[in-house]
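**Student:** First the structure, then my questions, so here it is.
No value in this document is a laboratory result; all are computed from the given coordinates. These figures come from a predicted structure and were not determined experimentally. Positions of Cβ are generated from backbone atoms using ideal geometry, with glycine treated the same way; all protein chains shown enter the neighbour counts.
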Amino acid sequence: MSKLSVGQASVALASGQITSEKLVSDCLEQIRLRESDVRAWAFIDPELALAQARQRDNEDRRSSLHGIPVGVKDIIDTTDMPTAYGNTRYAGHLPSQEADIVTLLKKVGAVIMGKTVTTEFAYFTPGPTCNPNNLAHTPGGSSSGSAAAVADWHVPFALGTQTAGSMIRPASFNGVVGLKPSFGTLPYKGTHTLAGSLDTLGLFSRTIADQRLLLTALAPHLHIANGPSAPVIAVCRTAYWDQVDAEMQKAFEDHVASLCGQGIKCVEYELSPMFTELADAQRLIMAVEAARALHDEYHEHRDSLGSFTIDLIEEGLGVSPEDEAAARNLAAQCRYRLDSIFASHDLIMTPPALGAAPAGIDRTGDPILNRIWTFLGNPVLTYPVARTASNLPLGIQLIAPFGKDHALIDMADRLNTLATGV
């Protein structure tokens with residue numbers, strides 16, 4: 001049962017073929033078998049998870065997510081489970097109030113399975129999680145535990161966050177579907193802030209169709225709309241194409257060729273230089289806002305911080321008001337330019353990462369191909385398209401106009417079907 005997708009589990013639960021207790025039990029058994037290797041979980045209490053499942057089995061069905069277990073990234077506050085933010089100083093910390101997204105998950109009837117490993121304060125200092133495809137490789141960051149838990153069949157879906165590339169990169173590295181919704185789509189209150197104008201809650205699943213179910217339940221205010229039946233895709237290799245490794249380049253080119261062969265219009269598009277500059281601007285704004293958000297941690301508890309976090313804060317402290325204003329102004333210009341791109345294209349397609357998951361769990365990979373889209377706030381989705389010679393996953397990155405999250409999911413699902421024939 002642990003290998004059921006969200007959609008499959010929802011149907012089975014609604015029809016009475018399985019119970020939530022059975023589904024959660026099977027997921028717990030998978031965790032028992034694999035957690036010592038994968039190390040996706042910062043906290044898990046099997047009895048608490050089973051108690052929730054039994055309660056769901058005795059309630060009226062609340063939504064399509066009723067009775068389905070979910071992993072919650074450990075920067076998201078929970079009052080009945082510790083929230084440590086990936087930092088040793090907060091070990092055993094029990095927040096006094098739960099995050100809005102946790103309240104929402106409970107409202108729709110999901111089962112909070114446990115807290116998944118995060119990098120420190122959702123930045124680069126890695127946790128212990130390994131990539132389930134190859135334990136010697138990174139799962140990415142900062143949503144490392146959530147991506148690995150979904151990839152390794154621990155839970156059908158999980159919550160992550162993205163400030164630079166923390167949803168899309170781990171999804172590609174682990175071979176799952178990752179959605180970074182339009183900025184502000186899912187409620188962020190009660191989730192630890194790293195950079196408030198960038199931080200975005202997102203969702204990992206095993207199928208693209210699952211993302212429609214998840215977003216419908218958790219963001220019912222979003223307009224549900226399909227994309228065009230024959231979308232026009234702007235194929236952007238980006239200014240970083242020469243840094244993309246050969247296997248990722250081939251996977252990208254093969255996917256584009258497959259779509260063209262199915263009659264999809266793929267138009268070569270070169271982003272203007274200002275978009276390349278935007279990657280540095282995103283880094284600057286992230287540093288500035290992290291220095292503000294982690295002010296007390298840096299000045300009062302610096303000894304508890306990893307070197308990556310300290311370097312980011314100190315970088316932010318050194319930014320002048322003029323440079324901060326220039327970075328924000330550049331983002332505004334790029335948003336305006338992006339509107340003109342989407343006037344004649346339905347999607348932008350780029351690689352989601354420079355390659356497959358790097359070897360070693362002491363690093364999380366480079367988010368350079370994700371930064372600008374996070375800064376602009378557009379919805380982004382990745383799904384797996386190939387594997388390397390060493391059997392590591394490779395994905396694709398699709399970007400849609402702001403607020404067109406459901407259309408993005410719809411188009412991605414149809415493109416994936418066309419490319420794979422499945």
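**Student:** Under a plain spin-label model, where a point goes 7 Å from the Cα along Cα-to-Cβ, how far apart in nm are ARG335 and SER197?
**Tutor:** If labels sit at ARG335 and SER197, their model points lie 0.9 nm apart.
**Student:** Can you list the residues, at least 5 places off or on another chain, whose amide H is less than 5 Å from the amide H of ILE396, using H built in the peptide plane?
**Tutor:** Under 5 Å from the amide H of ILE396 lie the amide H atoms of TYR383, VAL385, each far enough along the sequence or on another chain.
**Student:** Sort out for me the Cα centre separation of region 102-161 from region 213-253, rounded to whole Å.
**Tutor:** Each part's Cα centre sits 22 Å from the other's.
**Student:** Right, something else. Based on the mean of other Cβ atoms within 10 Å per residue, sort peptides 269-275, 404-410, 17-23, 321-327 so the most packed one is first.
**Tutor:** On the way: 269-275: 15.0, 404-410: 24.6, 17-23: 19.1, 321-327: 13.1.
Highest to lowest by the protection proxy: 404-410, 17-23, 269-275, 321-327.
**Student:** Please get the size of the charge dipole for region 3-102, origin at its Cα centre, with Cβ charges of +1 on Lys and Arg and -1 on Asp and Glu, quoted in debye to the nearest 20.
**Tutor:** It comes to approximately 280 debye.
**Student:** Also: What residue among GLN52, GLN397, GLN97 has the largest mean-square fluctuation in a Gaussian network model of the chain, using Cα springs under 10 Å?
**Tutor:** GLN97
**Student:** Residue farthest toward the positive end of the dipole of the chain, with Cβ of Lys/Arg at +1 and Asp/Glu at -1: which of ALA9, ASN174, ASN87?
**Tutor:** Going by the charge dipole, the pick is ALA9.
**Student:** Which percent of the Cα-Cα distances in the chain go past 43 Å?
**Tutor:** Numbers: 6099 of 88831 pairs.
I get 7 percent for the Cα pairs in the chain exceeding 43 Å.
**Student:** Something else about it: Pick out which of LEU201, LEU381, LEU213 has the largest mean-square fluctuation in a Gaussian network model of the chain, springs linking Cα atoms closer than 10 Å.
**Tutor:** Fluctuation is largest for LEU213.
**Student:** Write down the percent of antiparallel bridges among all DSSP beta bridges whose residues are both part of the chain, to the nearest 5.
**Tutor:** On the way: 27 of 43 bridges.
Looking only at bridges with both residues in the chain, the antiparallel portion is about 65 percent.
**Student:** Over its Cα atoms, what ratio of radius of gyration to 2.2 N^0.38 Å does region 350-410 give?
**Tutor:** Details: Rg = 13.1 Å, N = 61, 2.2 N^0.38 = 10.5 Å.
Compared with the compact-globule rule of thumb, region 350-410 sits at 1.25.
**Student:** Another question about this same structure. So what is the relative contact order for the chain, in percent, with contacts set as C-alpha pairs under 8 Å and at least six apart?
**Tutor:** 19 percent
**Student:** Another one. For the chain, with the dipole built from +1 on Lys and Arg beta-carbon atoms and -1 on Asp and Glu ones, taken about the Cα centre, which of PHE204, PHE121, GLY261 lies farthest toward the positive end?
**Tutor:** My answer, from the dipole projection, is GLY261.
**Student:** Charges only on Cβ, +1 for Lys and Arg, -1 for Asp and Glu: so what's the dipole of the chain about the Cα centre, in debye to the nearest 20? All intermediate terms of the calculation are to be shown ahead of the outcome.
**Tutor:** On the way: 33 positive and 46 negative charges, 230 e Å.
My answer is approximately 1100 debye.
**Student:** In nm, give the distance between the simple-model label positions of VAL232 and THR88, each being 7 Å from the Cα along the Cα-to-Cβ direction.
**Tutor:** 5.6 nm
**Student:** Using 0.36 nm per residue of separation minus the Cα-Cα distance, give me the extension gain between THR79 and LYS3 in nm, one decimal. It would help to have the intermediate numbers written out before the result.
**Tutor:** Working: separation 76, 0.36 × 76 = 27.36 nm, distance 2.87 nm.
Contour length minus the Cα-Cα distance gives 24.5 nm.
**Student:** Cα-based count: Lys pairs in the chain below 17 Å, eight or more positions apart or different chains?
**Tutor:** 10
**Student:** How much length is gained if the chain between VAL319 and ASP296 is pulled fully straight, taking 0.36 nm per residue apart and subtracting their Cα-Cα distance, in nm to one decimal? Present the calculation step by step, with values, prior to reporting the outcome.
**Tutor:** Numbers: separation 23, 0.36 × 23 = 8.28 nm, distance 1.85 nm.
Full extension of this stretch gives 6.4 nm more.
**Student:** Can you list the residues of region 345-361 with backbone N under 15 Å from a point 7 Å past the Cα of ALA225, pointing along Cα to Cβ?
**Tutor:** Within reach of a label on ALA225: 345-347.
**Student:** So, one more: Can you tell me how much longer the chain between ALA326 and LYS265 gets when fully stretched, taken as 0.36 nm per residue apart minus their C-alpha distance, in nm with one decimal? Display every interim value, and only then the final one.
**Tutor:** Numbers: separation 61, 0.36 × 61 = 21.96 nm, distance 3.62 nm.
Gain on stretching ALA326 to LYS265: 18.3 nm.
**Student:** Could you rank the peptides 245-256, 293-304 by their average count of other C-beta atoms within 10 Å per residue, with the highest value first?
**Tutor:** Going by the mean number of other Cβ atoms within 10 Å, highest first, we get 245-256, 293-304.
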